[in-house]
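The values are calculated or read from the model by the stated rules, or taken from the named source; none is laboratory data. Not measured: the values here are computed from a predicted model. Here Cβ is always computed from backbone atoms with ideal geometry, including for glycine, and neighbour counts include all displayed protein chains. The protein model used for the area step is the full one, side chains on, heavy atoms only, and it has no ligands, DNA or RNA in it. Shrake-Rupley method; radii C 1.70, N 1.55, O 1.52, S 1.80 Å.
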Amino acid sequence: MNNSTIRIGVLGELGVGKSELVHRICHPTAGPCSVSSWAGPTVDILDFERPHNHEHVWVEFIVIPGETRHPKSRQMVYSVGLDALFLVCNCSIQRTFLRAAEWMEEATQIGSLMGVPVALILGGPVPVDWTSNTTLSQIINPLVTTYNAQVLDMSGYTQTLALEPRQKQLIYGFFETVITHKKSDKRIRAGMSGSAAI
């Protein structure tokens, strides 16, 4: 089986729920995630079946640690060929949004990550309607504008045994965006190579 692959880097502050989110996406019937926040970069994989054509795509998540003893170790992870970024924040802790710009600036220092699809994941234990929350909107909207990010409201996911259907659709919709972007980027690169050869 020769499935296509997309690789997503998962960013966010220590303890914000990065590993828990990825665990729930990849293992919807399993129990709580047991990965330590200090475990370093971790990898998990989902066999995603596209609903419209039943094509199977491997979705590879690389959870990038928020804290590390070696400052340059994250830069090494950014260089493995990421196709997209998850930026995970906690709606209950505004600091996680304020740090979000720092994570993105660090990641996009790697030229290959400029312009990749970005999902701003709104996490936290309590469901929040961020569009009607003035304080959150003032924090989130600049991030959306600056990084052309899609907002995926996953708030409350840690309080359920599995992701809700609405939350799954948001995640799967973002996968489709990444797949389309990667295929488009390949066509552009192929065209440029052809032009260079001429």
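List pairs: first residue in segment 104-129 and among the basic types (K, R), second residue part of a helix (DSSP H, G or I) anywhere in the structure, Cβ distance under 6 angstrom, at least six positions apart or on different chains.
Short answer, once both residue conditions are applied: none.
Look through segment 59-81, keep the residues that are modelled with pLDDT of 90 or more and surrounded by fewer than 22 Cβ atoms within 10 Å (Cβ to Cβ), and return whichever of them is farthest from Y172 (Cα to Cα).
I62
Looking only at segment 124-150, count how many residues are touching a Phe, Trp or Tyr at 6+ places or on another chain (Cβ under 8 Å) and open to solvent by less than 40 Å² (accessible area, probe 1.4 Å).
So the answer is 5.
Give all pairs with beta carbons closer than 8 Å in which a residue from segment 166-181 that is farther than 14 Å from R24 by Cα meets a residue that is outside any helix (DSSP H, G or I) and open to solvent by 40 Å² or more (accessible area, probe 1.4 Å); count only pairs at least 6 apart in sequence or on separate chains.
F174/Q150; T177/Q150; I179/S4
Consider only pairs whose beta carbons are under 9 Å apart and that are at least six residues apart or on different chains; among these, list those whose first residue lies in segment 141-160 and is under 18 Å from N90 (Cβ atoms) and in contact (Cβ under 8 Å) with a residue 12 or more places away in the chain and whose second residue is open to solvent by 70 Å² or more (accessible area, probe 1.4 Å) and in a strand (DSSP E or B).
Listed by first residue and then by second, the contacts come to nothing, as the list is empty.
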